[in-house]
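Heads up: the structure comes next, in C-alpha coordinates.
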Amino acid sequence: MTTASDGPKKLFIKTYGCQMNVYDSQRMAEAMGAEGYVLTEDQSQADMVLLNTCHIREKAAEKLYSDLGRLKPLKAERPDLKIGVAGCVAQAEGDEIIRRMPIVDLVVGPQAYHRLPAMVKKGGGVDTEFPVEDKFEHLPKAPATRRAPAAFLTVQEGCDKFCAFCVVPYTRGAEVSRPVSRILTEARDLVARGVREITLLGQNVNGWHGEGPGGGEWGFGRLIRAIAEIDGLDRIRYTTSHPNDMADDLIEAHGSEQKLMPYLHLPVQSGSDRILKAMNRKHTAEEYLRLIDRIRAARPDIMLTSDFIVGFPGETDEDHRATLKLVEEVGFGTAFSFKYSPRPGTPAYDRPEVESVLADARLQELQALLSRQQKAAQEGMVGRELSVLFEKPGRNDGQMVGKSDYLHAVFVEAPEAKVGDLVRVRITHSAANSLAGELLAA
Ligand code: SF4
(Lines give C-alpha, C1' and ligand atoms only; values in the text may rest on other atoms or scores of the structure.)
Protein backbone atom coordinates (compact mmCIF):
# COMPACT_ATOMS: atom_id res chain seq x y z
CA MET A 1 0.00 0.00 0.00
CA THR A 2 1.30 3.48 -0.89
CA THR A 3 1.43 5.92 1.98
CA ALA A 4 2.40 9.53 2.25
CA SER A 5 5.80 9.64 3.94
CA ASP A 6 6.30 10.69 7.56
CA GLY A 7 7.09 14.32 8.40
CA PRO A 8 5.03 17.35 7.43
CA LYS A 9 1.80 16.78 5.57
CA LYS A 10 2.09 17.18 1.83
CA LEU A 11 -0.15 19.19 -0.45
CA PHE A 12 -0.33 18.69 -4.21
CA ILE A 13 -2.03 21.47 -6.18
CA LYS A 14 -2.95 21.26 -9.85
CA THR A 15 -3.70 24.69 -11.30
CA TYR A 16 -5.74 25.12 -14.44
CA GLY A 17 -6.27 28.37 -16.36
CA CYS A 18 -5.21 31.92 -15.83
CA GLN A 19 -2.70 33.84 -13.72
CA MET A 20 -5.43 34.65 -11.20
CA ASN A 21 -5.59 30.95 -10.49
CA VAL A 22 -1.79 30.67 -10.24
CA TYR A 23 -1.87 33.46 -7.66
CA ASP A 24 -4.79 31.88 -5.81
CA SER A 25 -2.99 28.52 -5.72
CA GLN A 26 0.03 30.23 -4.14
CA ARG A 27 -2.14 31.88 -1.53
CA MET A 28 -3.94 28.61 -0.74
CA ALA A 29 -0.57 26.87 -0.43
CA GLU A 30 0.48 29.58 2.02
CA ALA A 31 -2.77 29.21 3.97
CA MET A 32 -2.23 25.47 4.24
CA GLY A 33 1.48 26.09 4.97
CA ALA A 34 0.41 27.86 8.15
CA GLU A 35 -1.33 24.60 9.07
CA GLY A 36 1.88 22.61 8.56
CA TYR A 37 1.41 21.48 4.96
CA VAL A 38 4.32 21.62 2.51
CA LEU A 39 3.94 21.50 -1.27
CA THR A 40 4.83 18.36 -3.17
CA GLU A 41 5.08 17.82 -6.92
CA ASP A 42 4.40 14.12 -6.49
CA GLN A 43 0.67 13.52 -6.35
CA SER A 44 1.13 9.94 -5.15
CA GLN A 45 2.89 11.20 -2.01
CA ALA A 46 0.30 13.85 -1.15
CA ASP A 47 -1.90 13.91 1.95
CA MET A 48 -4.13 16.36 0.16
CA VAL A 49 -4.79 16.95 -3.53
CA LEU A 50 -6.33 20.26 -4.54
CA LEU A 51 -7.56 20.88 -8.08
CA ASN A 52 -7.81 24.64 -8.72
CA THR A 53 -10.13 24.75 -11.71
CA CYS A 54 -10.89 27.17 -14.54
CA HIS A 55 -14.22 27.57 -16.29
CA ILE A 56 -13.13 29.69 -19.24
CA ARG A 57 -12.17 27.06 -21.76
CA GLU A 58 -14.14 24.28 -23.31
CA LYS A 59 -15.39 21.30 -21.34
CA ALA A 60 -13.96 22.53 -18.02
CA ALA A 61 -16.33 20.45 -15.89
CA GLU A 62 -15.71 17.30 -17.99
CA LYS A 63 -11.95 17.76 -17.59
CA LEU A 64 -12.38 18.05 -13.84
CA TYR A 65 -14.47 14.89 -13.62
CA SER A 66 -12.00 12.91 -15.70
CA ASP A 67 -9.10 14.14 -13.49
CA LEU A 68 -11.12 13.14 -10.43
CA GLY A 69 -11.77 9.73 -12.02
CA ARG A 70 -8.01 9.24 -12.26
CA LEU A 71 -7.70 9.97 -8.53
CA LYS A 72 -10.13 7.19 -7.57
CA PRO A 73 -7.49 4.40 -7.29
CA LEU A 74 -5.29 6.62 -5.06
CA LYS A 75 -8.22 7.41 -2.78
CA ALA A 76 -9.18 3.69 -2.69
CA GLU A 77 -5.63 2.85 -1.56
CA ARG A 78 -5.47 5.72 0.93
CA PRO A 79 -8.91 6.65 2.22
CA ASP A 80 -7.34 9.32 4.45
CA LEU A 81 -6.20 11.25 1.34
CA LYS A 82 -8.10 14.55 1.20
CA ILE A 83 -9.33 15.71 -2.19
CA GLY A 84 -10.47 19.28 -2.73
CA VAL A 85 -11.83 21.19 -5.71
CA ALA A 86 -11.30 24.97 -5.86
CA GLY A 87 -11.73 27.66 -8.51
CA CYS A 88 -14.44 28.62 -10.92
CA VAL A 89 -15.76 25.11 -11.67
CA ALA A 90 -16.10 24.61 -7.90
CA GLN A 91 -18.10 27.84 -7.77
CA ALA A 92 -20.30 26.87 -10.70
CA GLU A 93 -20.94 23.24 -9.78
CA GLY A 94 -20.98 23.44 -5.96
CA ASP A 95 -22.15 20.30 -4.15
CA GLU A 96 -22.97 18.64 -7.47
CA ILE A 97 -19.24 17.78 -7.56
CA ILE A 98 -19.45 15.71 -4.36
CA ARG A 99 -22.72 14.13 -5.53
CA ARG A 100 -21.10 13.00 -8.79
CA MET A 101 -17.71 12.20 -7.27
CA PRO A 102 -18.00 11.13 -3.63
CA ILE A 103 -14.19 10.86 -3.39
CA VAL A 104 -14.16 14.67 -3.13
CA ASP A 105 -13.98 15.91 0.48
CA LEU A 106 -14.31 19.62 -0.06
CA VAL A 107 -15.41 22.19 -2.62
CA VAL A 108 -14.30 25.78 -2.16
CA GLY A 109 -15.19 28.77 -4.35
CA PRO A 110 -12.67 31.52 -5.22
CA GLN A 111 -14.02 33.96 -2.65
CA ALA A 112 -13.79 31.54 0.28
CA TYR A 113 -10.14 30.38 0.12
CA HIS A 114 -9.32 31.86 3.51
CA ARG A 115 -11.75 29.33 4.98
CA LEU A 116 -9.89 26.38 3.43
CA PRO A 117 -7.81 25.45 6.52
CA ALA A 118 -10.94 25.43 8.70
CA MET A 119 -12.73 23.25 6.16
CA VAL A 120 -9.82 20.79 6.12
CA LYS A 121 -9.80 20.65 9.93
CA LYS A 122 -13.52 19.99 9.89
CA GLY A 123 -12.98 17.13 7.47
CA GLY A 124 -14.51 18.74 4.38
CA GLY A 125 -17.65 20.46 3.11
CA VAL A 126 -18.79 22.90 0.46
CA ASP A 127 -18.24 26.67 0.60
CA THR A 128 -19.15 28.67 -2.49
CA GLU A 129 -20.35 31.79 -0.71
CA PHE A 130 -19.31 35.33 -1.56
CA PRO A 131 -18.42 36.39 2.00
CA VAL A 132 -18.40 40.06 2.95
CA GLU A 133 -14.92 39.87 4.50
CA ASP A 134 -11.84 40.39 2.29
CA LYS A 135 -10.30 36.95 1.86
CA PHE A 136 -6.85 38.48 1.34
CA GLU A 137 -6.93 39.97 4.82
CA HIS A 138 -7.53 36.51 6.21
CA LEU A 139 -4.87 34.69 4.21
CA PRO A 140 -1.40 34.36 5.74
CA LYS A 141 1.59 36.06 4.13
CA ALA A 142 4.11 34.17 2.03
CA PRO A 143 6.94 32.66 4.08
CA ALA A 144 10.06 34.82 4.10
CA THR A 145 11.91 32.21 2.06
CA ARG A 146 9.99 32.89 -1.13
CA ARG A 147 12.33 34.98 -3.24
CA ALA A 148 11.08 34.77 -6.79
CA PRO A 149 12.00 38.04 -8.55
CA ALA A 150 8.57 38.35 -10.19
CA ALA A 151 5.26 38.02 -8.37
CA PHE A 152 1.53 38.48 -8.89
CA LEU A 153 -0.62 40.73 -6.74
CA THR A 154 -4.40 40.59 -7.04
CA VAL A 155 -5.91 44.08 -6.83
CA GLN A 156 -9.36 43.43 -8.22
CA GLU A 157 -11.70 40.50 -8.63
CA GLY A 158 -14.94 39.80 -10.39
CA CYS A 159 -16.53 41.55 -13.34
CA ASP A 160 -19.65 43.59 -14.08
CA LYS A 161 -19.25 43.60 -17.86
CA PHE A 162 -21.30 40.49 -18.68
CA CYS A 163 -19.80 39.64 -22.06
CA ALA A 164 -22.23 37.19 -23.63
CA PHE A 165 -19.72 34.31 -23.75
CA CYS A 166 -18.12 34.63 -20.32
CA VAL A 167 -18.76 32.88 -17.00
CA VAL A 168 -16.60 35.18 -14.87
CA PRO A 169 -19.41 37.50 -13.64
CA TYR A 170 -21.22 34.39 -12.40
CA THR A 171 -18.28 32.46 -10.93
CA ARG A 172 -16.17 35.31 -9.52
CA GLY A 173 -19.04 37.66 -8.76
CA ALA A 174 -19.35 41.44 -8.98
CA GLU A 175 -16.32 43.69 -9.33
CA VAL A 176 -14.49 44.30 -6.07
CA SER A 177 -11.44 46.56 -5.81
CA ARG A 178 -9.06 46.16 -2.89
CA PRO A 179 -8.20 49.39 -1.05
CA VAL A 180 -4.93 51.19 -1.83
CA SER A 181 -3.42 50.74 1.64
CA ARG A 182 -3.74 46.94 1.50
CA ILE A 183 -2.31 46.75 -2.00
CA LEU A 184 0.67 48.95 -1.07
CA THR A 185 1.33 46.94 2.08
CA GLU A 186 1.36 43.71 0.08
CA ALA A 187 3.52 45.23 -2.66
CA ARG A 188 6.09 46.56 -0.13
CA ASP A 189 6.12 43.20 1.56
CA LEU A 190 6.83 41.44 -1.75
CA VAL A 191 9.67 43.86 -2.53
CA ALA A 192 11.14 43.30 0.95
CA ARG A 193 11.23 39.60 0.04
CA GLY A 194 13.28 40.21 -3.09
CA VAL A 195 10.55 40.78 -5.68
CA ARG A 196 11.58 43.27 -8.41
CA GLU A 197 8.62 42.89 -10.77
CA ILE A 198 4.94 42.89 -9.81
CA THR A 199 2.07 41.98 -12.12
CA LEU A 200 -1.18 43.45 -10.86
CA LEU A 201 -4.02 41.01 -11.44
CA GLY A 202 -7.74 41.31 -11.87
CA GLN A 203 -10.41 39.88 -14.14
CA ASN A 204 -10.98 43.45 -15.21
CA VAL A 205 -7.89 44.96 -13.65
CA ASN A 206 -7.97 48.39 -15.27
CA GLY A 207 -11.52 48.81 -13.99
CA TRP A 208 -9.97 48.92 -10.50
CA HIS A 209 -11.22 51.91 -8.52
CA GLY A 210 -10.28 51.55 -4.90
CA GLU A 211 -10.46 53.54 -1.71
CA GLY A 212 -7.48 55.85 -1.26
CA PRO A 213 -5.57 56.09 2.03
CA GLY A 214 -7.38 59.25 3.15
CA GLY A 215 -10.78 58.13 1.83
CA GLY A 216 -11.92 59.11 -1.66
CA GLU A 217 -11.58 57.00 -4.73
CA TRP A 218 -8.43 56.41 -6.77
CA GLY A 219 -8.19 55.31 -10.40
CA PHE A 220 -5.87 52.61 -11.69
CA GLY A 221 -3.27 55.01 -13.15
CA ARG A 222 -2.85 56.67 -9.77
CA LEU A 223 -2.47 53.27 -8.11
CA ILE A 224 0.30 52.35 -10.56
CA ARG A 225 2.14 55.60 -9.81
CA ALA A 226 1.92 54.95 -6.07
CA ILE A 227 3.26 51.42 -6.49
CA ALA A 228 6.06 52.72 -8.73
CA GLU A 229 7.30 54.85 -5.81
CA ILE A 230 8.32 51.73 -3.89
CA ASP A 231 12.14 51.61 -3.75
CA GLY A 232 13.56 48.34 -4.98
CA LEU A 233 10.65 47.64 -7.32
CA ASP A 234 11.77 47.89 -10.94
CA ARG A 235 8.88 46.68 -13.06
CA ILE A 236 5.10 46.82 -13.05
CA ARG A 237 2.69 44.99 -15.36
CA TYR A 238 -1.03 44.37 -15.21
CA THR A 239 -3.56 41.99 -16.71
CA THR A 240 -6.35 41.54 -17.89
CA SER A 241 -7.88 44.72 -19.20
CA HIS A 242 -11.06 45.84 -20.91
CA PRO A 243 -10.75 48.52 -23.62
CA ASN A 244 -13.55 50.59 -22.08
CA ASP A 245 -11.58 50.98 -18.86
CA MET A 246 -8.42 52.45 -20.44
CA ALA A 247 -8.87 55.79 -18.67
CA ASP A 248 -6.85 58.86 -19.64
CA ASP A 249 -4.69 58.75 -16.51
CA LEU A 250 -3.82 55.12 -17.20
CA ILE A 251 -2.82 55.86 -20.79
CA GLU A 252 -0.82 58.80 -19.51
CA ALA A 253 0.94 56.53 -16.98
CA HIS A 254 2.13 54.38 -19.90
CA GLY A 255 3.92 57.44 -21.22
CA SER A 256 5.34 58.85 -18.01
CA GLU A 257 5.94 55.93 -15.67
CA GLN A 258 9.17 54.17 -16.63
CA LYS A 259 8.55 51.24 -14.28
CA LEU A 260 5.36 50.40 -16.17
CA MET A 261 6.53 47.93 -18.81
CA PRO A 262 5.80 48.66 -22.49
CA TYR A 263 3.48 45.69 -22.82
CA LEU A 264 -0.31 45.66 -22.76
CA HIS A 265 -2.74 42.77 -23.06
CA LEU A 266 -5.95 44.34 -24.31
CA PRO A 267 -8.51 41.78 -25.49
CA VAL A 268 -10.72 42.81 -28.41
CA GLN A 269 -12.24 39.38 -29.24
CA SER A 270 -13.50 40.36 -32.72
CA GLY A 271 -13.03 43.04 -35.35
CA SER A 272 -16.69 43.05 -36.41
CA ASP A 273 -19.05 45.60 -34.89
CA ARG A 274 -21.98 43.22 -35.36
CA ILE A 275 -20.20 40.49 -33.38
CA LEU A 276 -18.84 42.91 -30.78
CA LYS A 277 -22.43 43.97 -30.17
CA ALA A 278 -23.64 40.37 -29.98
CA MET A 279 -20.84 39.72 -27.50
CA ASN A 280 -21.96 42.71 -25.41
CA ARG A 281 -18.45 44.18 -25.53
CA LYS A 282 -19.88 47.72 -25.59
CA HIS A 283 -17.35 49.18 -28.02
CA THR A 284 -16.79 49.14 -31.77
CA ALA A 285 -13.75 48.07 -33.77
CA GLU A 286 -13.10 51.71 -34.68
CA GLU A 287 -13.18 52.76 -31.02
CA TYR A 288 -10.64 50.03 -30.23
CA LEU A 289 -8.37 51.18 -33.05
CA ARG A 290 -8.52 54.82 -31.97
CA LEU A 291 -7.75 53.73 -28.40
CA ILE A 292 -4.67 51.90 -29.68
CA ASP A 293 -3.62 55.12 -31.45
CA ARG A 294 -3.84 57.02 -28.16
CA ILE A 295 -1.90 54.36 -26.26
CA ARG A 296 0.81 54.32 -28.93
CA ALA A 297 0.98 58.09 -28.90
CA ALA A 298 1.74 57.89 -25.16
CA ARG A 299 4.18 54.97 -25.46
CA PRO A 300 5.29 54.40 -29.06
CA ASP A 301 7.27 51.21 -28.36
CA ILE A 302 4.43 49.45 -26.52
CA MET A 303 3.80 45.82 -27.48
CA LEU A 304 0.14 44.92 -27.75
CA THR A 305 -1.39 41.51 -27.25
CA SER A 306 -5.01 40.42 -27.39
CA ASP A 307 -7.59 37.63 -27.18
CA PHE A 308 -9.84 36.53 -30.03
CA ILE A 309 -12.88 34.31 -30.14
CA VAL A 310 -13.50 32.82 -33.57
CA GLY A 311 -16.85 31.42 -34.69
CA PHE A 312 -19.02 33.30 -32.17
CA PRO A 313 -22.72 32.57 -32.88
CA GLY A 314 -23.83 34.48 -35.98
CA GLU A 315 -20.28 35.16 -37.25
CA THR A 316 -20.20 35.39 -41.06
CA ASP A 317 -17.25 35.39 -43.45
CA GLU A 318 -17.58 39.16 -43.58
CA ASP A 319 -17.29 39.40 -39.79
CA HIS A 320 -14.25 37.15 -39.90
CA ARG A 321 -12.62 39.35 -42.55
CA ALA A 322 -13.26 42.36 -40.31
CA THR A 323 -11.30 40.60 -37.56
CA LEU A 324 -8.40 39.90 -39.93
CA LYS A 325 -8.46 43.54 -41.01
CA LEU A 326 -8.29 44.76 -37.42
CA VAL A 327 -5.37 42.42 -36.71
CA GLU A 328 -3.55 43.70 -39.82
CA GLU A 329 -4.15 47.26 -38.75
CA VAL A 330 -2.96 46.88 -35.13
CA GLY A 331 -0.03 44.46 -35.53
CA PHE A 332 0.05 42.39 -32.34
CA GLY A 333 3.16 41.11 -30.57
CA THR A 334 1.31 37.94 -29.74
CA ALA A 335 -2.31 36.93 -29.17
CA PHE A 336 -4.49 34.13 -27.88
CA SER A 337 -7.20 32.91 -30.21
CA PHE A 338 -9.81 30.26 -29.54
CA LYS A 339 -12.75 28.69 -31.26
CA TYR A 340 -15.96 29.71 -29.52
CA SER A 341 -17.43 27.12 -27.20
CA PRO A 342 -20.68 27.71 -25.32
CA ARG A 343 -20.53 28.04 -21.53
CA PRO A 344 -23.63 26.94 -19.61
CA GLY A 345 -25.36 29.83 -17.88
CA THR A 346 -24.08 32.53 -20.26
CA PRO A 347 -26.38 34.57 -22.55
CA ALA A 348 -24.82 33.12 -25.74
CA TYR A 349 -25.19 29.52 -24.57
CA ASP A 350 -28.33 28.71 -26.55
CA ARG A 351 -27.49 30.64 -29.70
CA PRO A 352 -27.05 28.66 -32.92
CA GLU A 353 -23.40 27.80 -33.41
CA VAL A 354 -21.26 28.40 -36.48
CA GLU A 355 -20.52 25.17 -38.33
CA SER A 356 -17.47 23.61 -36.71
CA VAL A 357 -15.39 23.10 -39.90
CA LEU A 358 -15.99 26.71 -40.84
CA ALA A 359 -14.90 27.96 -37.42
CA ASP A 360 -11.81 25.71 -37.59
CA ALA A 361 -10.81 27.13 -40.96
CA ARG A 362 -11.27 30.71 -39.72
CA LEU A 363 -9.24 29.97 -36.61
CA GLN A 364 -6.41 28.58 -38.71
CA GLU A 365 -6.42 31.62 -40.94
CA LEU A 366 -6.38 34.01 -37.98
CA GLN A 367 -3.67 32.06 -36.16
CA ALA A 368 -1.48 32.03 -39.26
CA LEU A 369 -1.72 35.82 -39.44
CA LEU A 370 -1.07 36.24 -35.71
CA SER A 371 1.94 33.88 -35.90
CA ARG A 372 3.42 35.94 -38.72
CA GLN A 373 2.99 39.08 -36.61
CA GLN A 374 4.51 37.41 -33.55
CA LYS A 375 7.52 36.26 -35.58
CA ALA A 376 8.01 39.73 -37.04
CA ALA A 377 7.72 41.36 -33.60
CA GLN A 378 10.29 38.95 -32.14
CA GLU A 379 12.68 39.35 -35.05
CA GLY A 380 12.35 43.10 -34.67
CA MET A 381 13.98 42.73 -31.24
CA VAL A 382 17.24 41.42 -32.74
CA GLY A 383 19.93 44.07 -32.37
CA ARG A 384 18.01 45.97 -29.70
CA GLU A 385 19.24 46.54 -26.17
CA LEU A 386 16.68 45.45 -23.59
CA SER A 387 16.52 44.88 -19.86
CA VAL A 388 16.15 41.29 -18.72
CA LEU A 389 15.14 40.13 -15.24
CA PHE A 390 16.71 36.72 -14.60
CA GLU A 391 14.17 34.22 -13.26
CA LYS A 392 16.02 30.88 -13.40
CA PRO A 393 19.08 29.11 -14.77
CA GLY A 394 18.83 28.16 -18.45
CA ARG A 395 19.22 24.72 -20.00
CA ASN A 396 23.01 25.02 -20.47
CA ASP A 397 25.73 25.58 -17.88
CA GLY A 398 26.35 29.26 -17.19
CA GLN A 399 23.13 30.25 -18.94
CA MET A 400 20.32 32.28 -17.36
CA VAL A 401 16.79 32.88 -18.58
CA GLY A 402 14.65 35.86 -17.80
CA LYS A 403 11.96 38.14 -19.17
CA SER A 404 12.50 41.18 -21.34
CA ASP A 405 10.55 44.44 -20.97
CA TYR A 406 8.18 42.95 -23.56
CA LEU A 407 7.75 39.66 -21.68
CA HIS A 408 9.78 37.59 -24.12
CA ALA A 409 11.81 34.77 -22.57
CA VAL A 410 15.48 35.64 -23.16
CA PHE A 411 18.40 33.20 -22.83
CA VAL A 412 21.74 34.78 -21.91
CA GLU A 413 25.23 33.35 -21.20
CA ALA A 414 25.86 34.87 -17.78
CA PRO A 415 27.93 32.54 -15.55
CA GLU A 416 28.34 35.14 -12.81
CA ALA A 417 24.69 36.17 -12.68
CA LYS A 418 22.03 35.04 -10.27
CA VAL A 419 18.25 34.86 -10.15
CA GLY A 420 16.83 38.33 -9.53
CA ASP A 421 19.55 40.22 -11.42
CA LEU A 422 18.20 42.88 -13.76
CA VAL A 423 20.69 43.29 -16.61
CA ARG A 424 21.11 45.00 -19.97
CA VAL A 425 21.21 42.61 -22.89
CA ARG A 426 21.70 42.97 -26.63
CA ILE A 427 19.35 40.61 -28.45
CA THR A 428 21.26 38.46 -30.94
CA HIS A 429 18.81 35.80 -32.05
CA SER A 430 15.09 35.07 -32.30
CA ALA A 431 13.85 31.46 -31.94
CA ALA A 432 10.32 30.01 -32.01
CA ASN A 433 9.15 31.27 -28.62
CA SER A 434 12.18 32.93 -27.13
CA LEU A 435 15.10 35.24 -27.76
CA ALA A 436 18.81 34.91 -27.10
CA GLY A 437 21.07 37.78 -26.16
CA GLU A 438 24.47 38.82 -24.87
CA LEU A 439 25.20 40.59 -21.65
CA LEU A 440 26.15 44.25 -21.90
CA ALA A 441 28.47 45.93 -19.43
CA ALA A 442 26.50 47.32 -16.47
S1 SF4 B 1 -14.81 41.76 -19.36
FE2 SF4 B 1 -13.63 39.85 -19.33
S3 SF4 B 1 -14.15 38.86 -17.36
FE4 SF4 B 1 -15.69 40.44 -17.73
S5 SF4 B 1 -17.39 39.36 -18.72
FE6 SF4 B 1 -16.10 40.22 -20.37
S7 SF4 B 1 -14.62 38.58 -20.88
FE8 SF4 B 1 -15.57 38.05 -18.89
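The values are calculated or read from the model by the stated rules, or taken from the named source; none is laboratory data. All figures in this text were calculated on a predicted structure; none of them were measured in a lab. Every residue, glycine among them, receives a Cβ derived from its backbone with ideal geometry; neighbour counts consider all protein chains shown.
Here are a few things to note about the model shown:
- The set of residues from the range 49-82 being surrounded by fewer than 23 Cβ atoms within 10 Å (Cβ to Cβ), of a type in the set (A, V, I, L, M, F, W, C) and under 19 Å from Ala29 (Cα atoms) comprises Cys54, Leu81.
Yes/no per residue for (1) part of a strand (DSSP E or B); (2) touching a helix residue (DSSP H, G or I) at 6+ places or on another chain (Cβ under 7 Å):
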{"position": "Gly271", "(1), (2)": "no, yes"}
{"position": "Leu276", "(1), (2)": "no, yes"}
{"position": "Tyr288", "(1), (2)": "no, yes"}
{"position": "Ala297", "(1), (2)": "no, no"}
{"position": "Ser306", "(1), (2)": "yes, no"}
{"position": "Gly314", "(1), (2)": "no, yes"}
{"position": "Arg321", "(1), (2)": "no, no"}
{"position": "Leu326", "(1), (2)": "no, yes"}
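- Residue count, the range 188-206 (criterion: closer than 23 Å to Asp249 by Cα and surrounded by 22 or more Cβ atoms within 10 Å (Cβ to Cβ)): 9
- Here the range 151-194 is the region considered, the condition is being aliphatic (A, V, I, L, M) and farther than 30 Å from Glu93 by Cβ, and the residue that is nearest to the ligand (Cβ to nearest atom) is Ile183.
- Selection from the range 398-442 of residues that are hydroxyl-bearing (Ser, Thr, Tyr), under 24 Å from the mean Cα position of the chain (by Cα) and buried (at least 18 other Cβ atoms within 10 Å of the Cβ): Ser404, Tyr406
- Any helices (runs of 4 or more DSSP H) falling wholly within the range 45-124 and containing at least 1 residues that are of a type in the set (Asp, Glu) and either out of contact with any His (no Cβ under 7 Å at 6 or more places or on another chain) or modelled with pLDDT under 90 (or both): 60-77, 87-93, 96-100
- Within the range 1-23, the set of residues being closer than 22 Å to Lys121 by Cβ, modelled with pLDDT of 85 or more and crowded, with 17+ Cβ neighbours inside 10 Å comprises Lys10, Leu11, Phe12, Ile13.
- Each residue in the range 342-368 was checked for being part of a loop (DSSP other than H, G, I, E, B) and either touching a strand residue (DSSP E or B) at 6+ places or on another chain (Cβ under 9 Å) or of a type in the set (Phe, Trp, Tyr) (or both), and 2 pass.
- Ala432 modelled with pLDDT of 95 or more and either in a strand (DSSP E or B) or outside the structural domain of Ala148 (by TED's automatic domain parsing) (or both): no
Residue-wise test of (1) in contact with a strand residue (DSSP E or B) (Cβ under 7 Å, 6 or more places away or on another chain); (2) in contact (Cβ under 8 Å) with a residue 24 or more places away in the chain; (3) crowded, with 17+ Cβ neighbours inside 10 Å.
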position	(1), (2), (3)
Pro300	no, no, no
Leu304	yes, yes, yes
Ile309	yes, yes, yes
Glu315	no, yes, yes
Val327	no, yes, yes
Gln373	no, yes, yes
Ala377	yes, yes, yes
Gly383	yes, yes, no
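- For the range 273-317, filtered to residues that are away from the ligand (no atom under 14 Å from the Cβ) and in contact with a Pro (Cβ under 8 Å, 6 or more places away or on another chain), the residue that is farthest from Gln364 (Cα to Cα) is Arg299.
- Pairs where the first residue, in the range 240-260, is within 10 Å of Ala298 (Cβ to Cβ) and the second is part of a helix (DSSP H, G or I) and within 16 Å of the ligand (Cβ to nearest atom), C-beta under 9 Å, 6+ apart: Leu250/Asn206; Leu250/Phe220; Ile251/Leu291; Ala253/Phe220
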